[in-house]
Amino acid sequence: MTDAEVFSAVETLARNARAAAHRLSQLTTEQKNAILLAMAKELRARTSEILAANDLDLAAGELKGLSKPMLDRLKLDAKKVDAIAGGIEQVAALPDPVGQVMEEWTRPNGMRLQQTRVPIGTIGIIFESRPNVTSDAAVLCFKTGNATILRGGSEAIHSNRAIADALQTGGEAEGLPAHAIQLVPFTDRSSVSALCQMDKWLDLIIPRGGKGLIETVVSQARMPVIKHYDGICHLFVDQAADLDMAVKLTVDSKTQKTGVCNALETLLVHAAVAESHLPAIAAALREKGVELRGCERTRAIIDAGLATAEDWDTEYLDLILSVKIVDSLEEAVEHINTHGSHHTECIVTADDAAANAFLSACDSACVFHNVSTRLADGEEFGFGAEIGISTDKLHARGPMGLRELTSYQYRVRGEGQTKG
């Protein structure tokens, strides 16, 4: 397709999404939940079809030389399809934030005001690799009354088409408006740029993927973007840290699952406890196969490779950890705010004053005291589900659940009040 053809096709999707959004905003919670359950039912009924489509993607991925981790993220089986359907049913069971009154008050002139949650409207989701994101993103947006345009990666195009079609077709049987869930059906790279130009029709774009994708969207988008940047997460072992807890939280944060944005990438250790704590932490990490890269002071205490300046700014997503000894909590915070990605940071300490100072000084979406960074997650926070973890400050920050997919309006009632 030419760029002009791509633009025209994407504009049609965007126009249709805007029309669908108006109808979606009128659905009741009961109607939306019935539609979600119909989506889950249709998805299960099409398991064979979805797996056949996934086989096409896997075969193409192997020919392209995709890495084993990439192929693993891409692969579906009957159990995973059932889990995707189960996730839809979980979303149906979650409270609907749309229509929720956030605040209400009455003015001296008798005017009554309510700040009420409403759908954002139309949302573009640009993502890579995992086909389950097609369902996750679509149903979370739908539950909050938003129309969605999904643009997945070329490596999962067949799987994404099959899942999106099952969701839209299954939902329509219970009253889902046409074009409420749309997938860009082609893989032309120019479709990303085209979506970024649809500010007349799209209210928001959420990119999920590698740094290159996100930077492309941010540089081109004419509408607001909520970024889900990389996760360069830190854990600081304070001078008042319990050794056993420091070992446990470091190992879990780094090794429970490595290829995720809330995994630990840099360990900071207070100089006062470096000699007493670092050897035990390092030994526990080596048992899990972690490669350590440390500053010169670290290497004087434990066996580690030399950390370069680049290491402090790297999201490894692998069994690699950079380690730095610092002389104070203030130095730890300065390092985090300089080299971090504003995702998740943890302090391990028995000193509440130190913990409070750390939590207030770190400029990150999630700041933890004696909690593994792996618990920076919407489900763990009690949100039930998330569309990702925002490293932005406006309008959503941290794990994005249903509430973060809404905006608000002021509903004002009176008895003929005027300004004059």
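When each of Gly388, Gly382, Gly378, Gly416 is tested for being at positive phi, of a type in the set (Gly, Ala, Ser) and buried (at least 18 other Cβ atoms within 10 Å of the Cβ), the lone residue that passes is Gly388.
Scanning the stretch 66-80 for residues that are farther than 19 Å from Gly259 by Cα and either hydrophobic (A, V, I, L, M, F, W, C) or free of Cβ contacts under 8 Å to residues at least 24 places away in the same chain (or both) returns Ala78, Lys79. Could you tell me how many of the residues in the stretch 106-125 are out of contact with any Lys or Arg (no Cβ under 8 Å at 6 or more places or on another chain), surrounded by fewer than 13 Cβ atoms within 10 Å (Cβ to Cβ) and of a type outside the set (Gly, Ala, Ser)? Residues that pass the stated criteria total 3. Scanning the stretch 251-294 for residues that are under 17 Å from Glu315 (Cα atoms) and assigned to a loop (DSSP other than H, G, I, E, B) yields a count of 9.
Just give me the residues in the stretch 399-416 being under 15 Å from Ile123 (Cβ atoms) and either outside any loop (DSSP other than H, G, I, E, B) or of a type in the set (Ser, Thr, Tyr) (or both), in sequence order. Scanning the stretch 399-416 gives Met400, Arg403, Glu404, Leu405, Thr406, Ser407.
Against the list (1) of a type in the set (A, V, I, L, M, F, W, C); (2) at pLDDT below 95; (3) not in a helix (DSSP H, G or I), the condition Met102 fails is (2).
Can you work out which of the residues in the stretch 352-397 that are under 13 Å from the mean Cα position of the chain (by Cα) and among the aliphatic types (A, V, I, L, M) is farthest from His335 (Cα to Cα)? Once the filter is applied, the top-ranked residue is Ala385.
Kindly indicate whether any position in the stretch 24-33 is closer than 20 Å to Asn132 by Cα and either crowded, with 17+ Cβ neighbours inside 10 Å or modelled with pLDDT of 95 or more (or both). Checking the stretch 24-33: at least one residue is closer than 20 Å to Asn132 by Cα and either crowded, with 17+ Cβ neighbours inside 10 Å or modelled with pLDDT of 95 or more (or both).
Elements of the type strands (runs of 3 or more DSSP E) sitting completely within the stretch 319-398 and holding at least 1 residues that are more than 19 Å from Ile206 (Cα to Cα): these cover 320-326, 344-348, 366-369. So if I check each of Ser390, Ser372, Ser364, which one is hydroxyl-bearing (Ser, Thr, Tyr), outside the structural domain of Val333 (by TED's automatic domain parsing) and touching a strand residue (DSSP E or B) at 6+ places or on another chain (Cβ under 8 Å)? Of the residues listed, the single one that is hydroxyl-bearing (Ser, Thr, Tyr), outside the structural domain of Val333 (by TED's automatic domain parsing) and touching a strand residue (DSSP E or B) at 6+ places or on another chain (Cβ under 8 Å) is Ser390.
Pairs linking a residue in the stretch 308-328 that is in contact (Cβ under 8 Å) with a residue 12 or more places away in the chain to a residue that is aliphatic (A, V, I, L, M) and part of a helix (DSSP H, G or I), with Cβ atoms under 6 Å and 6 or more positions apart or on different chains, are Ile325/Ala271; Ile325/Ala274; Val326/Ala332; Asp327/Ala271.
Does the stretch 62-93 hold any residues that are of a type in the set (Lys, Arg), surrounded by 13 or more Cβ atoms within 10 Å (Cβ to Cβ) and more than 25 Å from Lys143 (Cα to Cα), and which are they? Those that are of a type in the set (Lys, Arg), surrounded by 13 or more Cβ atoms within 10 Å (Cβ to Cβ) and more than 25 Å from Lys143 (Cα to Cα): Arg73, Lys75. Out of curiosity, is Ala274 surrounded by 15 or more Cβ atoms within 10 Å (Cβ to Cβ), small (Gly, Ala, Ser) and out of contact with any Pro (no Cβ under 9 Å at 6 or more places or on another chain)? The answer is yes for Ala274.
The values are calculated or read from the model by the stated rules, or taken from the named source; none is laboratory data. This structure is a prediction, so every number in the text was calculated from the model and none was measured. With ideal geometry, Cβ positions are generated from the backbone for all residues, glycine too; neighbour counts draw on all protein chains shown.
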